1. Find how many whole Å separate the alpha carbon centroid of region 120-193 from the alpha carbon centroid of region 214-234.
2. What number, rounded to the nearest 500 deg cm²/dmol, is the helix-based mean residue ellipticity at 222 nm of the chain, given -39500 (n - 2.57) per DSSP H run of at least four residues and division by all its residues?
3. Each residue of region 143-148 in order: what ³J(HN,Hα) in whole Hz does its phi give by Karplus 6.51 cos²θ - 1.76 cosθ + 1.60, θ = phi - 60°, with x for Gly and Pro?
4. Quick one: which of LYS8/LYS107; LYS8/LYS141; LYS7/LYS70; LYS107/LYS180; LYS8/LYS51; LYS8/LYS129 span more than 20 angstrom between C-alpha atoms?
5. Out of region 83-149, which trypsin sites (Lys or Arg not before Pro) are coil in DSSP terms and have no more than 15 other C-beta atoms within 10 Å?
6. Using a 10 angstrom cutoff on alpha carbons, build the Gaussian network for the chain and name the most mobile of LEU75, LEU26, LEU43.
7. Semi-axes of the equivalent ellipsoid for region 13-130, please: Cα gyration tensor eigenvalues, times 5, square-rooted, ordered largest first, whole Å.
8. On the accessible surface of region 1-136, probed at 1.4 Å, how many percent belong to carbon and sulfur atoms?
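The values are calculated or read from the model by the stated rules, or taken from the named source; none is laboratory data. These numbers were taken from a predicted model, which means no experiment stands behind them. We place every Cβ from the backbone using ideal geometry, glycine too, and count neighbours over all the protein chains shown. Keep in mind that these areas ignore ligands, DNA and RNA; they rest on the heavy atoms of the full protein, side chains included. Shrake-Rupley method; radii C 1.70, N 1.55, O 1.52, S 1.80 Å.
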Amino acid sequence: MSESEWKKFDVRFGLNGRITDHSRFLRSLQWDDPDHEGCVLDLVRELFHLKPAAIIDLVERTNIQMRLRKNHRDLMDVWDGSADPMVVALSHGLEEVADSSAYIDVKPYAARIQASLPGDPHQAIGTTKDLLEATMRTILKRRGHANVEKLDFPALCTQCLLGLIGTTAPTTAGEEHLRKIASSAKVMIETANELRNLAGTGHGRVVGEEVEIRASDASLVASNGLVLAAWLIRTAQDAESGCGG
């Protein structure tokens, strides 16, 4: 990868200068020094558990795919046959949130969700709820709503999605179906909050009696939550710019 690509990679995955501030990473690339390969391997080792979406991004780049398929066919055979759909879904959700960050930046929540999986599913669920709540409160604040901090979660969700669900009869079949989708999204957001109250972080519980949550189920909640947050942000942005249709 070029120096520019590595710099973009650092920013995109929130590596906080792990590449750009490294004393040797970019310099060894610029001078084609033999220690550059070691710098890349060290980075990959760090990202393998902390940033799985970043590993997927690296391996799926065309130039890297070509090189790996030429020199490490056995490795790519394993990669092609063992993709975890939950990791792919989570990666997609993270990208959706990152693409929406120019309007409302919720990447810190996304980073905490990513860091908590698969090891801490309860934290992932708790942070997903926090992400959705922060997104909705910020949207309402931007719309000029007063005292958004005082709204409980159900009221917050109703206020935020009111314009999408509508209060009058739909005028077209397309509008009717889109309202059904918005209603389903509302249910999913409310259910994420209910699950967090039952099993997520944020409530002291009797040790040893916590509700068991599988990492795969937490990944489902988190990936959906990320996509829903990005959808809410983009919808609000469209409405604010007057291109909401």
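1. Centre-to-centre (Cα) distance: 13 Å.
2. -23000 deg cm²/dmol
3. 7, x, 5, 8, 6, 5
4. LYS8/LYS141; LYS7/LYS70; LYS107/LYS180; LYS8/LYS129
5. Taking region 83-149 and a limit of 15 other Cβ atoms within 10 Å, the loop trypsin sites (Lys or Arg not before Pro) found are ARG143.
6. LEU75
7. So the three semi-axes of region 13-130 are 27, 20, 13 Å.
8. Carbon and sulfur together cover 55 percent of it.
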